[in-house]
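Only the coordinates and a few stated rules stand behind these numbers; no lab work does. No experiment lies behind these values; they were computed from the predicted model shown. Positions of Cβ are generated from backbone atoms using ideal geometry, with glycine treated the same way; all protein chains shown enter the neighbour counts.
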Amino acid sequence: MMTGSVWIAGGGVISGIGRNLGECVASFEAMQPGMAYMQHLHSAHAQTFPVVEVKAGNDELAAIAGMPAHWSRTALLSRIAAQEAWEASGLGDIRQYRTGFVSANTVGGMDKTEEFMEAFLTGSSKGKLRQVVHHECGAVTELVADAMGVRHHVSTISTACSSGANALMYGARMIRAGMLDVVIAGGTDALTRFTLNGFNTLMILDQQQCRPFDDTRTGLNLGEGAGYVVLVSDAVAKEIRPWCRLSGFANANDAYHQTASSPDGIGNFMAMKAALEMGGLQPEDIGYINLHGTGTQNNDSSEGLAISRLFAGGVPPASSTKSFTGHTLGASGGIEAVFSALALRDGIIYPNANFSVQMRELAFSPVTAFSRGNNLRNVMSNSFGFGGNCSSLVFSKE
Amino acid sequence: MEKLMQDLKVQIIQQLNLQEVKPEDIGDDQPLFKEGLGLDSIDALELIVLLQQYHNIRIAKPEDGPNIFYSIRTMAEYITAEKAKQA
Amino acid sequence: MKAFIQGAGCVSAQDSNVFPGEVRNYEGDRLPVADPDYKQWIDIKQIRRMGRAIKMGVAASHMSLESAGIKNPDAIIMGTAYGCLADTGVFLQKLVTQQEDMLTPTAFIQSTHNTVAGQIALLLGCHAYNNTFVHGAFSLENALQDSLLLLAEDPSRNILAGATDEITDYSHTILRRFGLYKNAHTSELLQSQSQGTMAGEGAAFFVLSAGKGEHSIAQLTAVDMLYRPASEAETAEHIRAFLQRNGLQPADVSLLLTGRNGDTTNDRYYETVEQSMFSNTPVAAFKHFCGEYPTAAAFGVWLAAGSLRRGSIPEEAMVKGQPPVQPERILIWNHHHAKHHSLILLEKC
């Protein structure tokens, strides 16, 4: 029943460093992270915390997405990246396949709910209902599924920062079970005041550019965006030239604290180890790790120690692309899956920006230069988050 | 100082929703975290807001928390010292 | 892959200890959960931070593990449409009224959708697979489907799966403005012949495993979802195909348990399909016991599983026909605004 491989037929990304995957790669190559003071989100903290916004207003995004501008930015971003992923796959008419859309997000239509609440709190009959009609995470997914013409399966996963990676896992498992031929899987999240203020209460936002895996790191920068891969079955993969294969994945729980990672990253370790095992790989087979690497003291230390333990024989090149895109929360697992799949296709190793001081507890440091033409066979992508949710994906050339 | 410590106990119970804890259950020198009152890192962040809300004191670095919030007395001493600086 | 329900726990408007022997009735436009004493399952130090969605979910999950005789499951999978609304509301309200100043972390931390599954894992010290689906009236269904997939991949697992959703004053006020609710009495809700229903909330969790055991309550044979069918005819065709895939005809269903909620438009949809393919099948309903909410089907599963084990359906649940004696098979069909349809097939074991 659970047989066959799952392939990556294509991918699409919109983030604060580019409106499509090509623009994002160009930003990596030019060493241009996307942090800036916010232009589109209206917050009391606008001048305090740099963020990595998609550099376009809702009107402009709506025009690209072919959606009304009053819809949640989460949906607009999602549609743009999902469409790019679909086109990259070269699969043609979506209706000829049993297609699913598994999208992750953490905020849903919260950007619009915030506007609604401003009025609603002055009187319970106030506030435009159309601002809350897409509040639920699932409602955002359906706007995009409908626009894409997906009918066979729609679902939404929300496991905080690991959401996007879990969307790929669920999609891949439905393909392996023979339920679907094709799944567009990944995640989306728009910046909102809700999340910005939430992370501020945890005192883990950096007032400068974040410095993942650097000893002087003091927190993360929030970003926004969306990223999707197109997962296909063996049968569909035969018709096209897939980028790579999703060879391993695993989900584990740290079960340590609601928001913090355990000091030794037990959940991280378990997820990475099980993903390798599923792919039938040894640690030394991994040619590049796309780190979760948020830039908080806690995450980078736990993740780094878990990697040191698993890759005791030598840590492969590793970097946090969040040093460019910021932490895009529910989207990050999807965005970084696309980066990882492209890394295999084009032999790319991404740089880690803003690294200067070696972390005292680690023996390895992140890669700081962009390079192409690397002979990569297998790439790992990590996503760890609140609620102890830890997921790890492994992509393979064959 | 005694009055401040008493106020702090009431404020902490309210802010942290410590059901079934009464002000007199909290000793002035009892550790607030772990083996003492059993508070954790999320509570530490709540206490930072408590200082801001009730005492108009801002703590910029969460890593200063453990020393300031060791006990009711250390909190009261910190508040008194900060108030003196503000005056 | 099918599964056996080894344990079940439910927190709802009904008292799990005496229902269905004794049905609680409500008047108004909502059925609130009669909160049990959560301290029997949750440590006082933990409980102080938990919103009701979390408390209900944690309590129901503990009850289901207890009844299955299992301490630590091999996966925790849950569904919630709205997530932790109370904490979301608190944080939003403060964000707006305090103009983004002096906000506290607890409400934010508790507001994230994966808090319930995360808290269950934390309280159990469970490092296993952990997932949360947040897709309206497909949230529970995806949690069950994910469970069936996990069992197909590794039949040795015990999986804790369920759903939780809460009503808050904010959410109820807002949803009421959409015209979803009316004032009614639960005992007459299904005969009310007008638009609107009564709001509900609750949590139900189940322990699922591949093999039949001494605790097994019922068999979960299959789960399916249908998104945006064009017509009642397409839905009927989908249900027929679903049964066929499981080697069954409509006549093999001992009881059709529907998501009727007293809203005429909503209920007419069931009626139309029933006339075309379930004309001789007894039909029951469950939302007059638990109210309408996107994950209400979890209550339906709890009711159906218990009925299969007892060999009887409560009289109060019946809409059409006589309650079947020693039912073999219950098909739960729930739809949400005719857009999301779920089919959950349970059999006696």
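Whole number please: convex hull volume per residue, Cα atoms of region C:1-94, in Å³. Write down the numbers at each step before the final one.
Values: hull volume 15.5 nm³, N = 94.
Looking at region C:1-94, the number lands at 164 Å³ per residue.
Have a look at region A:257-398 and give its Rg and Dmax from the Cα atoms, expressed in angstrom.
Just the Cα atoms of region A:257-398 yield Rg and Dmax of 13.7, 41 Å.
How large are Rg and Dmax for region C:285-349 when calculated on the C-alpha trace, in angstrom?
Taking only Cα atoms of region C:285-349, I get Rg and Dmax of 11.7, 33 Å.
Note down the nm distance, to one decimal, between modelled labels 7 Å out along Cα→Cβ at residue C:44 and at residue B:54.
Going by the 7 Å Cα→Cβ label model, 2.0 nm.
I'd like to verify something in chain A: which complete DSSP H helices, judged by Cα projection on the helix axis, reach 15 Å or more and average at least 1.0 on the Kyte-Doolittle scale? Kindly include the intermediate steps, with their values, before the conclusion.
Numbers: long enough: A:73-89 (24 Å, -0.09); A:137-148 (17 Å, 1.16); A:163-176 (20 Å, 0.15); A:266-278 (18 Å, 0.84); A:297-310 (20 Å, -0.78); A:332-346 (21 Å, 0.71).
Long hydrophobic helices here: A:137-148.
Given region C:3-209, report the % of alpha carbon pairs whose separation exceeds 21 Å.
Numbers: 11944 of 21321 pairs.
Of the Cα pairs, 56 percent sit more than 21 Å apart.
So what does log10 I(q)/I(0) come out to for region A:316-393 at q = 0.26 Å⁻¹, using the Debye formula with one equal point on every Cα and no solvent?
Taking Cα atoms of region A:316-393 as identical point scatterers yields -1.37.
Sorted by mean Cβ packing within 10 Å, highest first, what order do the peptides C:179-186, A:375-382 take?
Ranking, from highest mean packing down: A:375-382, C:179-186.
If you take every DSSP beta bridge fully contained in chain C, what fraction is antiparallel? Give it as a percent rounded to 5. Write down the numbers at each step before the final one.
On the way: 38 of 59 bridges.
Here the share of antiparallel DSSP bridges comes out near 65 percent.
Taking the Cα atoms only, what angle lies between the long axis of helix B:41-55 and the longest principal axis of chain B, rounded to 10 degrees?
50
Past the 18 angstrom mark, what percentage of all C-alpha to C-alpha distances in region A:3-85 do you count? Could the numbers behind the result be given before it?
On the way: 1741 of 3403 pairs.
That fraction is 51 percent.
Say R0 is 30 Å: what FRET efficiency, to the nearest 0.05, do residue C:154 and residue A:93 get from their beta-carbon distance?
Working: r = 36 Å, r/R0 = 1.21.
Plugging the Cβ-Cβ distance into 1/(1 + (r/R0)^6) gives 0.25.
When C:340, A:45 are ordered from fewest to most other Cβ atoms inside 10 Å of their Cβ, what list results? Let's see the in-between values first.
Values: C:340 23, A:45 18.
By the 10 Å Cβ count, ascending, the order reads A:45, C:340.
What ranking of A:210, C:126 emerges when the number of other C-beta atoms within 10 Å of each C-beta is taken as an exposure proxy, fewest first? Before the final figure, lay out each step's value.
Working: A:210 30, C:126 22.
Sorted ascending by nearby Cβ count, the order is C:126, A:210.
Residue C:287: which lysines have alpha carbons under 17 Å from its alpha carbon, excluding same-chain residues fewer than 8 sequence positions away?
C:182, C:320
In units of 2.2 N^0.38 Å, what is the alpha-carbon radius of gyration of chain A? Could you put the intermediate results ahead of the total?
Working: Rg = 19.4 Å, N = 398, 2.2 N^0.38 = 21.4 Å.
Here the answer is 0.91, to two decimals.
Between the DSSP loop rule and a limit of at most 13 other Cβ atoms within 10 Å, which trypsin sites (Lys or Arg not before Pro) in chain B are left?
Working: sites: B:3, B:9, B:34, B:58, B:73, B:83, B:85; in loops: B:34, B:58.
Sites meeting the loop and neighbour criteria: B:34, B:58.
For region C:222-347, what are the per-bin percents of Cα-Cα distances with bins 10 Å wide, up to the bin holding the maximum?
Pairs per bin, as whole percents: 13, 51, 33, 2.
To two decimal places, what compactness ratio does region A:164-273 give when its Cα radius of gyration is scaled by 2.2 N^0.38 Å? All intermediate terms of the calculation are to be shown ahead of the outcome.
On the way: Rg = 18.0 Å, N = 110, 2.2 N^0.38 = 13.1 Å.
Cα-based Rg divided by the globular estimate yields 1.37.
Per DSSP H run of at least 4 residues, take -39500 (n - 2.57); add these up for chain A, divide by its residues and hand me the 222 nm value, nearest 500 deg cm²/dmol. Don't skip to the end; give the middle numbers.
On the way: 12 runs with 130 residues, N = 398.
Using -39500 (n - 2.57) per qualifying helix, the result is -10000 deg cm²/dmol.
Across every pair of different alpha-carbon atoms, what Kirkwood hydrodynamic radius in Å does region A:86-130 reach? Present the calculation step by step, with values, prior to reporting the outcome.
On the way: mean 1/r = 0.0711 Å⁻¹.
One decimal place: 14.1 Å for the Kirkwood radius.
Ranking A:54, C:33 by Cβ neighbours within 10 Å, fewest first, what do you get? Could you put the intermediate results ahead of the total?
Details: A:54 26, C:33 21.
Least crowded to most crowded, the residues run C:33, A:54.
Need one number for the protein assembly as shown: average projected area of the convex hull over its C-alpha atoms, nm².
Values: hull surface 132.5 nm².
Here the figure is 33.1 nm², rounded to one decimal.
Calculate the translational D of region A:95-192 in whole µm² s⁻¹ from Stokes-Einstein, where the hydrodynamic radius comes from the Kirkwood formula applied to all Cα pairs, the temperature is 20 °C and the viscosity 1.002 mPa s. Can you show the working numbers first?
Numbers: Rh = 14.4 Å.
The estimated diffusion coefficient comes to 149 µm²/s.
Could you list the square roots of 5 times each eigenvalue of the Cα gyration tensor of chain C, that is, the equivalent ellipsoid semi-axes, sorted largest first and rounded to whole Å? Walk me through the numbers on the way to the answer.
Numbers: eigenvalues 184, 124, 65 Å².
Equivalent ellipsoid semi-axes, largest first: 30, 25, 18 Å.
Any chance you could list the semi-axes, whole Å, largest first, of the equivalent ellipsoid that the Cα gyration tensor gives for region B:2-86, using √(5λ)?
Numbers: eigenvalues 69, 41, 28 Å².
Square roots of five times the eigenvalues give 19, 14, 12 Å.
What does the structure give for A:201-208 when I average, per residue, the other chain Cβ atoms found within 10 Å of the residue Cβ? Spell out each step's value before the answer.
Values: counts 15, 7, 10, 2, 0, 0, 1, 0.
Shielding by partners across A:201-208 averages 4.
Compute the label zone of residue B:25 within region C:7-39: residues whose backbone N is under 18 Å from the point 7 Å along Cα-to-Cβ.
Label zone hits: C:38-39.
Calculate the length of the line joining the C-alpha centroid of region A:265-342 to that of region A:122-155, in whole Å.
33
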